[in-house]
């Protein structure tokens, strides 16, 4: 059986003899987008039937420009340069899009949720400090104050109001207070929607990890790692201390003065919180989370029930 070597390039597919002579060729479309589509398709040339085919893309590189001009793919060197530039840009964009998985979307969503919660907390604090200038005798918490301001406005409209030593409000002051309180409530409602999205999406892409810790906590682990792939490559000790890097560095720098941290974000898990032996519980949980992260990334199988059952049994023996 005759042998042939296939070389694929942006301008077409070329077949060479073992000695390097061109046997057949098939040119792609002259538009970069069309050429990229045909390049990705990797169609087999009909003329190659009956040949023992191997692939080596280095053969075309030596005479690439010569073939492009002599075979009529491009009319000039400038046309070829323009084509290569546009083809390379499209190819790079396509490769980059393929490298970004849904885990990256969830990382940004998790960060956005933390930002939203932080903003709501700051705005509630500001409303409380601001409104108590008008009604310093107010004794409810910040969220109740927000609802009361939206509903009643100035202190005189509060059902429990009798007298106050605070600054009285004009009509424009009252409008601003009510609008500000409404803004806080709207941001808080959007944060709840975002939280619901993060929880459900985390359960989809990391079912095993979320079977062991709460989905929001799982999203923080994912965000801290940077991707599912990086999280899957971490040892259990790194997962256990994730979020406590500053304390660990202080320990390494001043071993006599600062103790080594036993846990980071993992401390927020109910498994650790409810255990009398928190250090041992953190070690057990981190080892199971390491396995869960690997299963989620490399296979996608849902083994959350098995992992959770094993963890329950091991926690009993602490």
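The values are calculated or read from the model by the stated rules, or taken from the named source; none is laboratory data. Quick caveat: nothing in here was measured; it's all calculated off a predicted structure. Cβ: placed from backbone, ideal geometry, glycine included. Neighbour counts: every protein chain shown.
What are the residues in segment 139-150 that are without any contact (Cβ under 8 Å) to a residue 12 or more places away in the chain and surrounded by 15 or more Cβ atoms within 10 Å (Cβ to Cβ), if any?
Scanning segment 139-150 gives a single hit, 148.
Criterion first (assigned to a helix (DSSP H, G or I) and either assigned by TED's automatic domain parsing to the domain that holds residue 225 or crowded, with 16+ Cβ neighbours inside 10 Å (or both)) does residue 122 satisfy it?
No.
Which of the residues spanning segment 27-52 are more than 19 Å from residue 90 (Cα to Cα) and either surrounded by 15 or more Cβ atoms within 10 Å (Cβ to Cβ) or not assigned by TED's automatic domain parsing to the domain that holds residue 12 (or both)?
Within segment 27-52, 45, 48, 51 meet the criteria.
Please report, ordered by residue number, the strands (runs of 3 or more DSSP E) entirely within segment 1-102 with at least 2 residues that are more than 30 Å from residue 227 (Cβ to Cβ) and touching a helix residue (DSSP H, G or I) at 6+ places or on another chain (Cβ under 6 Å).
Counting at least 2 such residues, we get 2-9, 12-16.
Return the total of residues in segment 154-165 being within 15 Å of residue 133 (Cβ to Cβ) and either outside the structural domain of residue 112 (by TED's automatic domain parsing) or touching a helix residue (DSSP H, G or I) at 6+ places or on another chain (Cβ under 7 Å) (or both).
2
Return the residue satisfying two criteria in turn: it lies in segment 289-300 and is in contact with a helix residue (DSSP H, G or I) (Cβ under 6 Å, 6 or more places away or on another chain) and surrounded by fewer than 23 Cβ atoms within 10 Å (Cβ to Cβ), and of such residues it is nearest to residue 237 (Cα to Cα).
The extreme case among them is 290.
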